[in-house]
1. With Kirkwood's inverse mean 1/r over C-alpha pairs for Rh, give me the Rg to Rh ratio of region 214-280, two decimals please.
2. Taking each full run of DSSP H in the chain as one helix, which ones are at least 20 Å long along their axis (Cα atoms) and have mean Kyte-Doolittle hydropathy of at least -1.0?
3. Sorted from largest to smallest, which semi-axis lengths in Å does the alpha carbon gyration tensor of region 25-147 give for its equivalent ellipsoid, taking the root of 5 times each eigenvalue?
4. Which far-off residues, 5 or more places away or on another chain, put their amide H under 5 Å from the one on residue 305, with H placed in the peptide plane?
5. If the limit is 27 Å between Cα atoms, which of 134/228; 458/549; 242/386 go over it?
6. Using helices alone, what [θ] at 222 nm do you get for the chain, with -39,500 (n - 2.57) per DSSP H run of 4 or more residues, divided over all residues and rounded to the nearest 500?
7. For region 449-583, just the Cα atoms, rotate onto the principal axes and tell me the three extents in Å, largest first.
8. What dipole magnitude, in Debye to the nearest 20, does region 132-276 give about its Cα centre under +1 on Lys/Arg Cβ and -1 on Asp/Glu Cβ?
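Every number in this text was worked out from the coordinates using simple rules, so none of it is lab data. Note that the structure is a prediction, hence the values are computed from the model and not measured. Virtual Cβ from ideal backbone geometry, glycine too; neighbours counted across all protein chains shown.
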Amino acid sequence: MAGFIPEEIIEEVRNRTDLVEIISDYVLLKKSGENYKGLCPFHVEKTPSFTVNPRKGIFHCFGCGVGGNVYSFLMQVEKMEFVDAVKRLAARCSVAIPEVSGSKQIQEKDTLYKINELAVKFYQEFLWSPSGKKALDYLRGRKLSDETIKKFRLGFSPDAWDKLLNMISSKGYSRDKIQEVGLILPREGGKGGGHYDRFRNRVIYPIISHSNQIVGFGARVLDDSLPKYINSPETPIYQKGKILYGLNFARDAIRKTSRVIIVEGYMDVILLSQAGFENVVATSGTAFTQDQVRLLKRYCEEVYVLFDPDAAGIQATLRGLDLLMGQEMMVKVVSLPEKIDPADFVSRFGQQEFLKVIDEAKDLLDYRFNQSRRGADINTTAGKIKVLEELIPTISRIVNPVQKQDFIKKVAETLRVDEEIIFAGLKKRSSQQPISSLTTHLTKQAEGISLAEKGLIKFMLENEAVALAISQEIKPEDFSNPECQDVFKVIIDLLVQKKSIAPDRIVDLVEGKTKDLITSLLLQKDFVIDKEKSISGYIRKIKENVLNKRKFEIQQVIAKLKEDDDRLLDLQRQYQDLDRQISKGYPQ
């Protein structure tokens with residue numbers, strides 16, 4: 001990064017820019033009350049659903065759900081980074097931009113990014129040199145076009161001990177920093193604490209963050225030697241569990257299609273992207289993490305999981321089940337023929353055949369059910385017990401009550417058992433709570449909690465005094481909706497700093513679906529008529545939800561304790577205390 005634009009300059013440029021004028025360069029807008037409307041530039045539509053509010057400085061499309069401010073619009077329509085959007089608008093309204101350094105921590109990370117950028121260019125240069133012929137032949141042999149190779153910035157690390165080290169050192173960077181970013185290793189027993197290049201004689205896959213910064217590298221051998229792949233270690237700018245390979249290229253396509261295809265390897269992403277499937281990302285060989293799932297949820301709700309059809313691939317799919325279900329994402333599992341990975345499949349059979357297997361994807365619960373039945377004879381009592389023991393934990397984690405009921409019915413019919421047997425297993429697991437009670441609670445939660453959280457955020461965005469009052473009653477962790485929680489945190493931070501909580505400012509401080517949530521809440525019709533009654537009602541509902549969750553957690557612990565356990569009495573008292581708080585009608 002070349003530098004950091006001062007916040008006051010970003011604010012000045014935004015305030016001096018006419019949002020309607022900028023958008024009118026791309027969209028024919030017509031005035032409609034205090035808003036302007038037109039056909040959305042981000043998806044095909046016949047009836048205008050793209051709304052612009054110049055007073056609030058935001059836009060939102062009620063067709064595709066995309067929203068933001070003037071910077072967001074320019075970034076989307078021109079495919080540019082935030083800094084570039086600010087610079088373009090600053091030039092348009094004649095605001096000078098002095099670039100200044102950030103904090104020490106930011107400067108240190110910036111140094112690591114710069115070192116990685118030098119490494120990428122070094123590896124690219126060698127790939128296209130005579131020394132890289134073997135690596136280039138390998139990539140072309142995998143049916144990659146030169147254009148794709150350049151797009152993903154693939155490279156080659158020469159078969160030498162310190163060429164990269166010497167090059168980066170010559171640019172003025174210390175060995176400590178080059179080692180910190182994971183590009184070199186210390187020699188064991190070497191004189192003077194020498195170092196050598198980590199990656200040698202390998203094809204290089206740069207790992208790029210969703211914000212287009214080089215954070216690490218994957219490296220593959222050109223023969224059958226082991227290890228086949230080695231990767232950058234965890235560094236201050238690279239945490240594997242927070243990165244999805246290819247998201248920087250895929251995020252626009254993911255938002256446009258409202259779905260993502262998740263694969264395991266770098267080459268799977270690259271070849272599928274080349275074949276026209278641009279909404280593909282990879283976990284880079286790790287099981288799903290909470291951070292990765294939350295990152296995806298910013299952009300879409302529908303997920304297609306496509307892992308290698310071997311035992312490890314199946315287990316990776318099942319490990320991600322809980323996290324995906326916990327975020328209420330629509331998940332399907334794509335099955336490929338045995339002994340063929342996604343990259344090889346699309347290379348051998350082409351785009352149309354791949355589309356077929358996508359269309360034939362199984363619902364995640366069906367996939368889980370099928371896996372539990374493998375090796376079990378469901379015509380026997382022992383087989384039925386085995387399947388149910390595997391499925392009860394899965395069923396207990398289904399949040400949507402309708403989906404839960406349908407799956408229970410399907411399992412019961414397939415195994416030829418009474419549904420009550422499954423209910424009994426769930427009751428035992430969920431602290432003796434009747435399934436009807438749980439279903440009722442979940443239904444009410446789905447109907448009311450989301451509305452309450454969004455309602456409070458809407459009121460906070462519209463009135464600073466109201467926002468301050470609400471912040472005294474609710475904590476960030478009280479929100480179950482991650483986007484609402486993100487907005488709440490940003491508002492609180494701005495209030496603490498005594499800064500404006502104008503919507504167009506907040507939009508700059510959040511990402512993905514959180515931007516869309518803000519603009520949607522502010523540009524759609526009011527939730528309610530009686531504001532004061534609604535705010536207190538929303539707060540009460542959110543607090544009740546928090547207490548009900550605590551009750552449920554206590555129930556689960558109690559169910560696992562023996563009657564003579566010393567903790568039982570204390571937990572029962574805690575449970576009764578929560579009941580009393582809820583019955584007051586306004587829990588504290």
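1. 1.02
2. 104-127, 311-326, 381-396, 401-415, 435-462, 482-496, 531-560
3. Each semi-axis is the square root of five times an eigenvalue, giving 41, 25, 12 Å.
4. 262, 332, 333, 334
5. 242/386
6. Here the helix-only value at 222 nm equals -17000 deg cm²/dmol.
7. For region 449-583, the Cα spread along each principal axis is 58, 31, 26 Å.
8. Once rounded to the nearest 20, the dipole reads 320 debye.
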